[in-house]
Amino acid sequence: MRYKFFISFLLPFFLIPIGSLFFIEAKEVKDVKVERIASVSPVTNEERVYESLQSSKFDLPKFEIFTKALNGFYLLKEKGLIQKNILTLIDFSLSSNTQRLWVIDLDHNVILFNSLVAHGRNSGDEFAASFSNTPESFKSSLGFYATAEIYTGKHGKSLRLDGLEKGVNDNARERAVVMHGASYVSKSFIANNRRLGRSLGCPAIPVELTNEIIQTIKDKSCLFIYHPSNNEEIMTHLIS
């Protein structure tokens, strides 16, 4: 009788599925795993685009500035103020002796050009520090632009620019602020003068790249000229 009672007492334990004996422990491990996954920050669209940029022979622009440029591009595209998926970024926080202009193909996430670019002669020497929207100031203007038509002027083939921020750069046409080539935008000029040459306010580029860059970005693409002095005002004066 004692043996029968002992067997009857143990039998229910043998009928319990072995997997269920570890149910509580497995559940705890699963919960920990889910918690770890949830703690990983999602990748933003800006990070995804930036990390996918193909730039084997060029340096990348700073991520923070690229993000401002990309978000402005999206907004201008939504408003119909630009049409092409080409983004040109100029970072005037950098020395004029560096290649501080980028032309980016956003359809294929490719950096097409990374070039020297001049600022206005009254904006500063090696570094740009002062900016204006006033005619005859001979200073650069910051903010977002839409590229326009090509014309031939005293600097040869040139590209007109339409400023899209009221009071910041909307006098670009009146001031004849355009993109053009200039001989003073070259490494040889830097070697002889310790800094790049300066314009009357135009974003002047190397002569040998002028035709290629202008043809690429003409007709309603986005141009963004950045400097930290205008950081808090970016897009706040947008002309809709």
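When the criteria are applied in full, Phe113 meets the requirement of being in contact (Cβ under 8 Å) with a residue 40 or more places away in the chain and of a type in the set (Phe, Trp, Tyr). For region 157-174, a residue qualifies if it is surrounded by 23 or more Cβ atoms within 10 Å (Cβ to Cβ) and outside any strand (DSSP E or B), and the qualifying residues are Leu164, Val168, Asn169, Ala172. Just one of the listed residues (Phe131, Phe127, Phe138, Phe113) is in contact with a Gly (Cβ under 6 Å, 6 or more places away or on another chain) and either outside any loop (DSSP other than H, G, I, E, B) or at pLDDT 95 or above (or both), and it is Phe138. Looking at Ser141, Ser137, just one residue is polar (S, T, N, Q), buried (at least 17 other Cβ atoms within 10 Å of the Cβ) and within 23 Å of Gly72 (Cα to Cα), and that residue is Ser141.
The set of residues in region 144-156 being surrounded by fewer than 24 Cβ atoms within 10 Å (Cβ to Cβ) and in contact with a Phe, Trp or Tyr (Cβ under 8 Å, 6 or more places away or on another chain) is empty.
Rundown of residues vs (1) exposed (fewer than 15 other Cβ atoms within 10 Å of the Cβ); (2) assigned to a loop (DSSP other than H, G, I, E, B); (3) at pLDDT below 95; (4) not basic (Lys, Arg), yes/no style:
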position: Phe5; (1), (2), (3), (4): yes, no, yes, yes
position: Lys27; (1), (2), (3), (4): yes, no, yes, no
position: Asp31; (1), (2), (3), (4): yes, no, yes, yes
position: Glu35; (1), (2), (3), (4): yes, no, yes, yes
position: Val40; (1), (2), (3), (4): yes, yes, yes, yes
position: Leu76; (1), (2), (3), (4): no, no, no, yes
position: Leu94; (1), (2), (3), (4): no, yes, no, yes
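Number of residues in region 185-194 that are open to solvent by 60 Å² or more (accessible area, probe 1.4 Å) and either touching a residue at least 60 places away in the same chain (Cβ under 8 Å) or within 14 Å of His119 (Cα to Cα) (or both): the value is 2.
The values are calculated or read from the model by the stated rules, or taken from the named source; none is laboratory data. Owing to the predicted nature of the structure, the values given are computational and were not obtained by experimental measurement. Here the Cβ is made from the backbone with ideal geometry for all residues, glycine too, and neighbour counts use every protein chain on show. Remember, those area values only see protein heavy atoms, side chains included, never the ligands or the DNA or RNA. Shrake-Rupley method; radii C 1.70, N 1.55, O 1.52, S 1.80 Å.
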